[in-house]
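Have a look at the structure below, then the notes.
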Amino acid sequence: MNILKSFFAFLFIFCMSFSQSYANDIKTSTDLLNEIAESSNKHVVLVNFYASWCPPCRQEIQELIELRKQFSSEQLRIIGINLDDEKNTMLDFNKKAGVNYETYHDFQGNISSFFGFQTIPFNIIYSKAGKAIYTDAGAVPFKRLSELIEYGLTK
């Protein structure tokens with residue numbers, strides 16, 4: 001009987017530690033806003049909401065990958081917020097697409113609901129001063145993204 005109790009105690013602790021480590025991967029809207037505020041006096045911050053099943057998102061991700069190559073991490077911080085139902089879907093997609101910037105999985109919609117948009121991709125760009133200089137739905141062409149980043153670096 002003690003062996004059975006020990007096994008269930010171990011199983012409970014194991015499951016709890018797994019769920020806690022999984023939850024740590026998920027950012028709340030408050031955490032995200034705090035990170036943006038901390039980063040914005042150093043970088044331009046681009047927040048991109050996307051999903052693997054969204055064709056315009058897939059196209060725009062290629063633009064973001066190129067942006068990451070064009071601007072240094074001291075100039076630009078890119079934060080991708082994935083809206084897929086499953087985290088593994090996000091991870092597989094990111095790997096295949098070659099995503100080279102930080103991403104988070106918003107499976108509960110905590111972050112996206114805070115911003116209240118209806119269409120993806122959805123982008124928010126913050127200048128170095130922490131002011132939102134661009135907020136809109138729809139894929140943004142590379143040239144326009146570059147211009148917005150350059151503008152954000154000066155403001």
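Structure data summary
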read-out: Long-range amide H partners of ILE133 with built H, under 5 Å; value: ILE125, TYR126, SER127
read-out: Whether segment 30-155 is rounded, prolate or oblate, judged on the alpha carbon gyration tensor where a/c under 1.5 counts as rounded; value: prolate
read-out: Members of LYS87/LYS143; LYS87/LYS128; LYS69/LYS128; LYS95/LYS131; LYS69/LYS95 lying beyond 21 Å, as alpha-carbon distances in this model show; value: LYS87/LYS143; LYS87/LYS128; LYS95/LYS131
read-out: Highest to lowest packing among 46-52, 73-79, 136-142, scored as the average C-beta count within 10 Å; value: 46-52, 73-79, 136-142
read-out: Percentage of interatomic Cα-Cα distances in segment 81-155 larger than 19 Å; value: 47
read-out: Packing rank of 110-116, 63-69, where each peptide gets the mean count of other beta carbons within 10 Å, highest leading; value: 63-69, 110-116
read-out: Percent carbon-and-sulfur accessible area, segment 47-105, ignoring ligands, DNA and RNA, probe 1.4 Å; value: 47
read-out: Per-residue HN-Hα couplings for segment 91-107 [Karplus 6.51, -1.76, 1.60; θ = phi - 60°; Hz; x = Gly/Pro]; value: 4, 5, 4, 4, 5, 5, 7, x, 4, 10, 9, 6, 9, 10, 9, 9, 5
read-out: Where only alpha carbons of segment 43-99 are counted, the Rg and the Dmax (Å); value: 11.4, 32
read-out: Total formal charge among the other residues, if their Cβ is under 12 angstrom from that of LEU145, Lys/Arg +1 and Asp/Glu -1; value: -3
read-out: Backbone HN-Hα couplings from phi across segment 109-125 [Karplus 6.51/-1.76/1.60, Hz, Gly and Pro as x]; value: x, 5, 7, 5, 5, 4, 7, x, 8, 10, 10, 10, x, 10, 10, 10, 10
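The values are calculated or read from the model by the stated rules, or taken from the named source; none is laboratory data. What you see is a predicted model; the values in this text were computed from it and never measured. All Cβ positions, glycine included, derive from the backbone under ideal geometry; neighbour counts span all protein chains shown. Only protein heavy atoms, including side chains, enter the accessible area calculation; ligands, DNA and RNA are left aside. Shrake-Rupley method; radii C 1.70, N 1.55, O 1.52, S 1.80 Å.
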